[in-house]
Amino acid sequence: MSEFDFMAYGRQFPALNDEVVYLDSAATALKPEVVIAATEAFYRHDSGNVHRSQYAAAMALTVRYEQARRQVADWLNAPGPDSIVWTRGATESLNLVAQSYARPRLRPGDEIIVSEAEHHANLVPWLMVAQQTGAKVVKWPLAADLLPSPAGLARLLNDRTRMVAVSQMSNVTGGCPDLAAIIALVRRFPQAVIVLDGAQGAVHRPPDLIKADIDFYAFSGHKLYGPTGIGVLYGKPQLLAQMPPWQGGGKMLSAAAFEGFTPMAPPQRFEAGTPNIAGVIGLGAALDWLSRQDRDGAELYSVSLADLAQELLSALPGFRAFRCPGSSLLSFDFAGIHHQDIAMILAQEGIALRAGQHCAQPLMAALGVTGTLRASFAPYNTRRDVHRLAAAVEKALTLLRD
Ligand code: PMP
């Protein structure tokens, strides 16, 4: 067990309480006081829109808003703030890539390789653009260790491959594929780009985008202790520069007339309309806060909680885990019992976790289940939480098997 101070960490989260054991941080993380305070202060004290007005308050807000963009770029070690596009979340970021990068380029017969482990947010945008263009979505099957493997990818890559879409960390198994090997393989096909879904991974291990040579990276603020409704798309500057706007409106253009319009350069060209200013400020506060935390200690600690949960639940008959080692997520079920029945009883016992298909139906099919329960552990959870989970599951099994 690490020396991580989970008590001090947990004290920063006002939503934590004794009645409910919150084990759903993979769905959305609780917010630390500083993020709530920054968002509240914006609504309480700041006035004005960004990038529009000349008075002092609006100008100051624009500076803060753009500082947050720089913060995200530094945090990801991206080449610069212009490679960071604000979106509503990972879902919108991935749709932006599909509609603005892929749609104008894809031709009938082109291939988009998508791993079988993907959340629907990193599958459906590709199915939609395939329908629109005549391209084909190719399944990259999971290997026995529940990860999409480089060997499996090597068998699928070819001269028709245009995109490879994979997540940094699965929201079901917690598995993190071997990115370095995957990127090295994709780079052998210069016409192919790699799109990395960082919705789950960003909070655990933000990638060094330059070193990893990632083309597009998407994540959501709310899983990273930030507000909902704000997310990021990182794109390599040379790729963003080739992409047309996908939504039209205010502040994405430099000239407009009835004959047409001239889009601004990235990232503004992708940010039509009044943005989520409070979200950007809250995300900036979250990153600032995160940079002051013992992140390695926090990660080891969260994983140790998932390990303990797996150990305790393994003692119960019928337990099956769908978990990659070293993950802070534990997806599981019990043979012969429906996951929703267990979830109902857990809810009554004050255990907040997610049960269902986790927006990953192809992965559920690959695992041979109709759904799972998923306990996701964060650094504000405790060993007591794990024991409460195990006791509640035991009670549920007793009730359901009687
Ligand atoms: N990808 C993965 C792996 C996720 O877990 C999620 C959120 N559950 C998403 C994408 C989509 O994120 P959002 O709903 O915040 O856009």
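The values are calculated or read from the model by the stated rules, or taken from the named source; none is laboratory data. As the structure is a computational prediction, the values presented were derived from the model and not from experiment. Here Cβ is always computed from backbone atoms with ideal geometry, including for glycine, and neighbour counts include all displayed protein chains.
Miscellaneous remarks
- Answer residue from the stretch 151-160, given it is surrounded by fewer than 20 Cβ atoms within 10 Å (Cβ to Cβ) and either in contact (Cβ under 8 Å) with a residue 24 or more places away in the chain or among the basic types (Lys, Arg) (or both) and is nearest to the ligand (Cβ to nearest atom) among those: LEU156
- Considering ARG269, ARG292, the condition of being out of contact with any Ser or Thr (no Cβ under 8 Å at 6 or more places or on another chain), away from the ligand (no atom under 15 Å from the Cβ) and outside any helix (DSSP H, G or I) is satisfied by ARG292 alone.
- Unmet requirement for GLY350, which otherwise passes all of (1) out of contact with any Phe, Trp or Tyr (no Cβ under 9 Å at 6 or more places or on another chain); (2) closer than 24 Å to SER170 by Cα: (2)
- The set of residues from the stretch 105-128 being under 22 Å from the mean Cα position of the chain (by Cα) and over 15 Å from ALA192 (Cβ atoms) comprises GLU116, ALA117, GLU118, HIS119, HIS120, ALA121, ASN122, LEU123, VAL124, PRO125, LEU127, MET128.
- Conditions (1) more than 11 Å from the ligand (Cβ to nearest atom); (2) buried (at least 24 other Cβ atoms within 10 Å of the Cβ); number of the one not met by ILE194: (2)
- The sole residue among LEU185, LEU233, LEU156 that is over 29 Å from PHE377 (Cα atoms), touching a helix residue (DSSP H, G or I) at 6+ places or on another chain (Cβ under 6 Å) and of a type in the set (A, V, I, L, M, F, W, C) is LEU185.
- Some residue of the stretch 336-355 being within 16 Å of the ligand (Cβ to nearest atom), touching a helix residue (DSSP H, G or I) at 6+ places or on another chain (Cβ under 6 Å) and not in a helix (DSSP H, G or I): yes
- Only one of the listed residues (PRO79, PRO14) is under 26 Å from the mean Cα position of the chain (by Cα), assigned by the TED database to the domain that holds GLN168 and in a loop (DSSP other than H, G, I, E, B). That residue is PRO79.
- Some residue of the stretch 279-288 being surrounded by fewer than 16 Cβ atoms within 10 Å (Cβ to Cβ), free of Cβ contacts under 8 Å to residues at least 24 places away in the same chain, of a type outside the set (S, T, N, Q) and closer than 30 Å to SER376 by Cα: no
- Residues satisfying the stated conditions in the stretch 74-97, i.e. aliphatic (A, V, I, L, M), more than 8 Å from GLY231 (Cβ to Cβ) and within 12 Å of the ligand (Cβ to nearest atom): LEU94, LEU96
- Complete set of residues in the stretch 171-191 that are within 28 Å of ARG105 (Cα to Cα) and within 14 Å of the ligand (Cβ to nearest atom): PRO177
- Any hit, the stretch 368-389, residues being of a type in the set (A, V, I, L, M), closer than 13 Å to ALA343 by Cα, out of contact with any Phe, Trp or Tyr (no Cβ under 6 Å at 6 or more places or on another chain) and assigned to a helix (DSSP H, G or I): yes
- One residue alone among GLN361, GLN357 is under 18 Å from the mean Cα position of the chain (by Cα), buried (at least 16 other Cβ atoms within 10 Å of the Cβ), more than 21 Å from GLY226 (Cα to Cα) and of a type outside the set (A, V, I, L, M, F, W, C), and that residue is GLN357.
- Residue match in the stretch 28-35 (condition: surrounded by fewer than 19 Cβ atoms within 10 Å (Cβ to Cβ), within 16 Å of LEU283 (Cβ to Cβ) and among the β-branched types (Val, Ile, Thr)): yes
- Every residue from the stretch 131-140 that is assigned to a loop (DSSP other than H, G, I, E, B) and surrounded by 15 or more Cβ atoms within 10 Å (Cβ to Cβ): ALA135
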